[in-house]
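A.B. asks: Dropping a structure here in structure tokens format, bear with me for questions.
The values are calculated or read from the model by the stated rules, or taken from the named source; none is laboratory data. No experiment lies behind these values; they were computed from the predicted model shown. Glycine also receives a Cβ, built like all others from the backbone with ideal geometry; neighbour counts cover every protein chain displayed.
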Amino acid sequence: MSTLPSMFERMDDDAILGNFLGLPENENVPDIIIASIPYELTTSYGQGTEKGPAACIEASTQVELYDDLLKEDLPAGANLRTVEPWDGLGNSLSEQLESIKKYAKVQYSTNAFPIFLGGEHGILPPIIEAIESPVTIVQIDAHADLRDELDGEPFSHACAAARALDAGAIQLYQIGIRAYSKEELEKINSDNRIKTWFSRDIMSPCAGEKYWNEWISEITKISGPIHLTIDIDGLDGLLVPSTGTPVPGGLSYWHAIETIEKLIMNCNVISADVNEIVPQKDSKLTEFTAAMLVTKIIATKINSMK
Ligand SMILES: [Mn+2]
């Protein structure tokens, strides 16, 4: 394990650019796959999510390889592979979603742990369809994403969680939620598949700890396969200023990290996605934050396989 590349042994020539964390890759069967889905069709406010995955991979080459839970440098004996991105083909929205589903199916068929980089949150329903068995979703997000439609479009990113439930997800746990409609709140209150922890409660100076402990306790009790979906706007807008729709009042970085660690170490998390990444013009904080979340998912998954 100690013979693996350290931060300073990463290859820096052009050939390696494009591998997550900048690590050399080989032809062995991968344990973890990084799969980019540069999909952008329905983003209602920000622009640029189709360039997010590439920016995240580039930023990842600056992330430290040492993980504080794993207590080793990545890849820590595991085999990572950054695969060819989704090709974006499809002449209509339904063709594109079908093609994302096919792309996701290929990744699941390898038996590796896939991490999808988005792209809009609209990638979630076809990912869930590709799983083809009952799955629970754990979602970090500012938005409930439970609308029936947005501007007449039922597959808008604003409807991602609703469509994922339609696609066969059996339960939905959400945290960080702070931007939602009356219709969505009514759905949260009436649909017993949905459990929502609002950012206002979690971040409350007085009662936050109670809600946070309840969240950790509930998600670590989930049985059966889980897909973790992280819309980076679930984090406070200060951490991800150039995501599609940055929102103030969000989760701290450590809320996201501890959710990842507790969930993956205690439950059967089969895949994850980190989405709504938009390259930031004035600094690279947004894509770097996303890259650190992806790195934590990788490190925790490797730790859970030990
Ligand atoms: Mn979302």
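A.B. asks: Could you check GLU84 against (1) within 16 Å of the ligand (Cβ to nearest atom); (2) surrounded by fewer than 21 Cβ atoms within 10 Å (Cβ to Cβ) and say which number it fails?
C.D. replies: (1)
A.B. asks: What's the number of the only condition in (1) modelled with pLDDT under 95; (2) surrounded by fewer than 18 Cβ atoms within 10 Å (Cβ to Cβ); (3) small (Gly, Ala, Ser) that ALA158 fails to meet?
C.D. replies: Checking ALA158 against (1) modelled with pLDDT under 95; (2) surrounded by fewer than 18 Cβ atoms within 10 Å (Cβ to Cβ); (3) small (Gly, Ala, Ser), the one that fails is (2).
A.B. asks: So, in segment 239-260, exactly how many residues are within 15 Å of the ligand (Cβ to nearest atom), hydrophobic (A, V, I, L, M, F, W, C) and either more than 18 Å from ARG200 (Cβ to Cβ) or under 12 Å from the mean Cα position of the chain (by Cα) (or both)? Show your work before the answer.
C.D. replies: Looking only at segment 239-260, we keep the residues that are within 15 Å of the ligand (Cβ to nearest atom), and these are 240, 243-247, 250-251, 256.
Subset that is hydrophobic (A, V, I, L, M, F, W, C): 240, 247, 251, 256.
Right, trim to either more than 18 Å from ARG200 (Cβ to Cβ) or under 12 Å from the mean Cα position of the chain (by Cα) (or both) and you get 240, 256.
Of the residues in segment 239-260, 2 are within 15 Å of the ligand (Cβ to nearest atom), hydrophobic (A, V, I, L, M, F, W, C) and either more than 18 Å from ARG200 (Cβ to Cβ) or under 12 Å from the mean Cα position of the chain (by Cα) (or both).
A.B. asks: Let me ask something else. If you scan segment 88-141, which residues turn out to be away from the ligand (no atom under 16 Å from the Cβ), at pLDDT below 95 and either surrounded by 24 or more Cβ atoms within 10 Å (Cβ to Cβ) or among the charged types (D, E, K, R) (or both)?
C.D. replies: Hits for segment 88-141 are GLU95, GLU132.
A.B. asks: Follow-up. Residues ASP191, ASP236, ASP231, ASP201: which one is closer than 27 Å to TYR39 by Cβ and more than 16 Å from the ligand (Cβ to nearest atom)?
C.D. replies: Details: ASP236 fails: more than 16 Å from the ligand (Cβ to nearest atom); ASP231 fails: more than 16 Å from the ligand (Cβ to nearest atom); ASP201 fails: closer than 27 Å to TYR39 by Cβ.
Within the list ASP191, ASP236, ASP231, ASP201, the selection yields ASP191.
A.B. asks: Could you tell me whether PRO85 is assigned to a strand (DSSP E or B), under 23 Å from THR243 (Cβ atoms) and not hydroxyl-bearing (Ser, Thr, Tyr)?
C.D. replies: no
A.B. asks: Would you check which residues across segment 21-66 are among the β-branched types (Val, Ile, Thr), at pLDDT below 95 and surrounded by fewer than 23 Cβ atoms within 10 Å (Cβ to Cβ) and list them?
C.D. replies: Of everything in segment 21-66, those that are among the β-branched types (Val, Ile, Thr), at pLDDT below 95 and surrounded by fewer than 23 Cβ atoms within 10 Å (Cβ to Cβ) turn out to be VAL29, THR42, THR43.
A.B. asks: Working only within segment 218-228, note down all residues that are of a type outside the set (A, V, I, L, M), away from the ligand (no atom under 16 Å from the Cβ) and more than 12 Å from LYS195 (Cβ to Cβ).
C.D. replies: Correct list: THR220, SER223, GLY224, PRO225.
A.B. asks: Given (1) surrounded by 14 or more Cβ atoms within 10 Å (Cβ to Cβ); (2) in contact (Cβ under 8 Å) with a residue 40 or more places away in the chain; (3) not β-branched (Val, Ile, Thr), where does ASP166 come up short, assuming only one miss?
C.D. replies: That leaves (1) as the condition not met.
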